[in-house]
Amino acid sequence: MEDQSFSFKLEKQQGSARAGNFTTPHGNILTPVFAPVGTQATVKAVSPAQLAETGASLVLANTYHLYLRPGADLVEAHGGLHSFMRWDGPMLTDSGGFQVFSLSDTRKVDDDGVTFKSHIDGSTHRLTPELSIQVQEKLGADIIMAFDECAVPVDLAYNRKSMARTHAWIERCMRVKQRPDQALFGIVQGGVFPELRRESASFIASLGLPGNAIGGLSVGETKAQMHAMLEVVDPILPTDKPRYLMGVGSPEDLVNGILRGVDIFDCVLPTRLARHQAAFTRYGRINLMNSANASLKSPIEDGCQCYTCRNFTRAYLRHLIIAKEILAATLISIHNIQFLVTLMKNARQAILDGTFNDFSASFLAEYKPSSRKEQT
RNA sequence: GUGGCUGUAGCUCAAUGGCAGAGCAUCGCACUGUGGAUGCGAGGGUUGUGGGUUCGACCCCCAUCAGCCACC
């Protein structure tokens, strides 16, 4: 079904950490990789040229949002997502499955699909595995995702049922998929339950898809639970296919994910935090609005090669924030994206050099997570 | 000069004799397959000043100061 456009070469492995090269019709993805999120066919506040300058390769967009607005037919009529939003590099679309979870106020899930109300105009819609694939084929991303259900990971009985449903849906996705220039990834579910995760990973691995994702994590469970689930899944998923941890995440989560065999990450965090005035540094997250930055002539991070840090002081960025200038979101987004992209590049190089253990240990020792629900 | 109105948080204003509050601003925290350039919280007061009435006064009375308006 897939043509020769997609191949994954595992270049080097150190422990569970992997350095690879995933070939797509729009260029290679060197892994580990972080994909910034452009839900509505735009990485918020950042132009494609600025995005390219951060070193980002893979960009994510969202089926649910684009299906509702402007509609898949319109995107298709404009030559697909790459052409429509002017991103020449690899792209990935989420299936809409996550919205089944995050918009649970207004959804109804059954074995055939999900009925939900539009957050834009309240109109009722129905999404099925078949429709999700049809929409994603019109959008035209290089990597498309199976339509899954992301259940709240607390109820074992419900998670078992939900996992079975997700597995059935993936097979339906495979049956209707037509375009050979798109790679369909399956998604492992199973909540925080090792036995379910094992079963799900075995099933997904057996499908022989060009890539495999791990879903249903970073949705409220503890870090320890997330790590445990990754460790359960790591030895089961095929080593010769990329693994994608959906929706993750923070810098420490990326490093911890690589340590447990993950190749691809995506997250809204760098851009959302930027719009909320927070920036990553190697020592942890800082809030640029803090008055301590009011007169600082230093950049967000000394030595950072991003456009923002090469040109602008913290005092200027804080001024933009206080004055409510939209450039603040742009400049901080550029920094945060490049921070994670660079972290992935450095991690990849360390794996290739055989020094990833030291790299990850020293990064995790230096980087101080600011969230209160950290650790544990 | 005469009369009137107004003085409460940094700012704009509530509170009609019963625990002085709000919005904005300031300060801080959070954000994980993006309904959100958002959400949560904190600090901040000799109610212009001085007297009086009252169990109790931002509130009523007297004086005084300041600003504004009108009329001489």
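Fraction of C-alpha pairs exceeding 23 angstrom in the stretch A:174-292: 38 percent, rounded to a whole number.
Per the Debye formula with a single identical scatterer at each Cα and no solvent contribution, what log10 I(q)/I(0) holds for the stretch A:219-376 at q = 0.11, 0.17, 0.18 Å⁻¹? Taking Cα atoms of the stretch A:219-376 as identical point scatterers yields -0.48, -1.02, -1.11. When shorter helices are ignored and each DSSP H run of at least 4 residues is given -39500 (n - 2.57), the per-residue value for chain A at 222 nm works out to -12000 deg cm²/dmol. Between A:Val176 and A:Ala228, the contour length at 0.36 nm per residue exceeds the alpha carbon distance by 15.3 nm. Take the Cβ atoms of A:Glu195 and A:Ile120, set R0 to 45 Å, and the FRET efficiency comes out at 0.70.
Can you give me the % of accessible surface on the stretch A:1-65 that is carbon or sulfur? Probe 1.4 Å, all protein chains present, nothing else counted. Display every interim value, and only then the final one.
Details: 1160 of 2400 Å².
Result for the stretch A:1-65: 48 percent of the exposed heavy-atom area is carbon or sulfur.
Positive end of the dipole of the stretch A:18-149 (Cβ unit charges, origin at the Cα centre): among A:Ile29, A:Ser95, A:Ala45, the Cα lying farthest that way belongs to A:Ala45.
Of all the Cα-Cα pairs you can form in the stretch A:1-68, what percent are over 21 Å apart? When every Cα pair of the stretch A:1-68 is considered, 41 percent fall beyond 21 Å. In plain terms, if you count all Cα to Cα distances in the stretch A:303-351 and split them into 10 Å steps from zero, the share in each step is 26, 46, 20, 8, 1 percent. Compute the helix-to-body angle for A:129-139: its Cα long axis versus the longest principal axis of chain A, expressed 0 to 90° and rounded to tens. Here the helix axis deviates by roughly 50 degrees.
Rank these residues by their accessible area, most exposed first, probe 1.4 Å: A:Leu68, A:Leu58.
Highest to lowest solvent-accessible surface, that is A:Leu68, A:Leu58.
Applying 1/(1 + (r/R0)^6) with r as the Cβ-Cβ distance of A:Ala294 and A:Ala361 and R0 = 41 angstrom yields a FRET efficiency of 0.70. Across chain A, the relative contact order, built from alpha-carbon pairs under 8 Å that are at least six residues apart, equals 18 percent.
The stretch between A:Gln349 and A:Asp302, if pulled fully straight at 0.36 nm per residue, gains 14.8 nm over its current Cα-Cα span. The HN-Hα couplings worked out from phi for the stretch A:210-225 by the Karplus form 6.51 cos²θ - 1.76 cosθ + 1.60 (θ = phi - 60°) are x, x, 10, 10, 10, x, x, 10, 6, 10, x, 6, 7, 4, 4, 5 Hz, whole numbers, x standing for Gly and Pro.
Could you work out the equivalent-ellipsoid semi-axes for chain A, taking the square root of 5 times each eigenvalue of the Cα gyration tensor, largest first, in whole Å?
32, 24, 21
Please work out the FRET efficiency for the pair A:Glu11 and A:Asp111, using the Cβ-Cβ distance as r and a Förster radius of 35 Å; give the result to the nearest 0.05. Step by step, r from the Cβ atoms, then E = 0.25. Heavy-atom accessible surface of chain A, averaged per residue, reaches 41 Å², computed with a 1.4 Å probe. Of all lysines in the structure, the ones whose alpha carbon falls short of 18 Å from that of A:Lys161, not counting any fewer than 8 places away in one chain, are A:Lys108. Extension gain for the segment A:Thr313 to A:Ala77, taken as residue separation times 0.36 nm less the Cα-Cα distance, is 80.6 nm to one decimal.
With bins 10 Å wide beginning at 0, the percent of Cα pairs of the stretch A:46-157 falling in each bin runs 14, 42, 30, 12, 2.
The values are calculated or read from the model by the stated rules, or taken from the named source; none is laboratory data. Bear in mind that the values here come from a model prediction, so they are computed numbers and not experimental data. All Cβ positions, glycine included, derive from the backbone under ideal geometry; neighbour counts span all protein chains shown. Calculation scope for accessible area: heavy atoms of the full protein, side chains included, ligands and nucleic acids excluded. Shrake-Rupley method; radii C 1.70, N 1.55, O 1.52, S 1.80 Å.
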